[in-house]
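The values are calculated or read from the model by the stated rules, or taken from the named source; none is laboratory data. Predicted model only: the values in this text are computed from it and were never measured. Quick reminder, even Gly has a Cβ in these numbers, built from the backbone with ideal geometry, and neighbours come from all protein chains shown. With ligands, DNA and RNA removed, areas are computed over all heavy atoms of the protein, side chains included. Shrake-Rupley method; radii C 1.70, N 1.55, O 1.52, S 1.80 Å.
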Amino acid sequence: MPEQTAANRPTLEAVAAHAGVSRATASRVVNGGAGVRQKLVDKVREAVDELGYVPNHAARSLVTRRHGAVAVIIAEPEFRVFSDPFFEQQIRASAGN
């Protein structure tokens, strides 16, 4: 499969059309929602695989207003934050690493 660019990346609408379902049904399947018959789930997942659909996380974060970012505010001098192992461990733990 050729490398996908923004211009040729398949959309959720293309997945829905390929699977023969509505965009809402395709969205429910892709986002893990309930209430979709297994036969349709299988058709949508097959379309996702065949088209190489990858959800656009930037677009998703605009719709949901959630992005998973975490802000860390430390009231210490900069040299201490970057030289103290305690702060390094706290930041790594916050980032999920």
- Most mobile of 21, 63, 41 per a Gaussian network model of the chain (Cα springs, under 10 Å)? 63
- Given only helices, namely DSSP H runs of n ≥ 4 each adding -39500 (n - 2.57), what is the per-residue ellipticity at 222 nm of the chain, to the nearest 500 deg cm²/dmol? -16000 deg cm²/dmol
- Task: Rank 35, 20, 52 by mean-square fluctuation in a GNM of the chain with C-alpha springs under 10 angstrom and give only the top-ranked residue.
- Result: 35
- Measure of exposure for residue 51: accessible area at 1.4 Å probe, Å² rounded to 10, is 50
- Task: Sticking with the crude label model, points 7 Å out along Cα→Cβ, report the distance from residue 65 to residue 79 in nm, one decimal please.
- Result: 4.3
- Message: With only alpha-carbon pairs counted, each pair once and no self-pairs, how large is the Kirkwood hydrodynamic radius of segment 1-83 in angstroms?
- Response: 15.3
- Item | Low-density loop positions, trypsin sites (Lys or Arg not before Pro), segment 30-97 - DSSP coil, at most 12 other Cβ in 10 Å | 37, 65, 66
